[in-house]
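The values are calculated or read from the model by the stated rules, or taken from the named source; none is laboratory data. Because the structure is predicted, anything quoted here is derived from the model rather than measured. Counting neighbours? That spans all protein chains shown, and the Cβs are built from the backbone with ideal geometry, glycine included.
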Amino acid sequence: MQVDQLHVTILDDGRVRIDTDAISLANHLGADELLAFLGRLLGGETITQPKAHAHTHTHRGQQATH
């Protein structure tokens, strides 16, 4: 069984970096919702950096590229 993982790094300047490369398709939406919640909780600017292997799909009727 694959175990999904989020990799969290607290940078020297206090920013938080979260890598989601190890999330399965089955848990992708849940990870997106968690990241949105953390963005609201932590405040500040949220920056999403697309990966070279980005793909497009739909989340609850809205187009998303990751």
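Looking at L11 and the list (1) touching a residue at least 12 places away in the same chain (Cβ under 8 Å); (2) loosely packed, with under 11 Cβ neighbours inside 10 Å, which single condition is not satisfied?
Failed condition: (1).
Quick check on the range 19-55: of everything there that is among the charged types (D, E, K, R) and in a helix (DSSP H, G or I), which residue is modelled with the lowest pLDDT?
Initial filter on the range 19-55 (among the charged types (D, E, K, R)): 19, 21, 32-33, 40, 45, 51.
Those left that are additionally in a helix (DSSP H, G or I): 32-33, 40.
On the way: D32: 90, E33: 93, R40: 93.
So, considering only residues that are among the charged types (D, E, K, R) and in a helix (DSSP H, G or I), the one modelled with the lowest pLDDT is D32.
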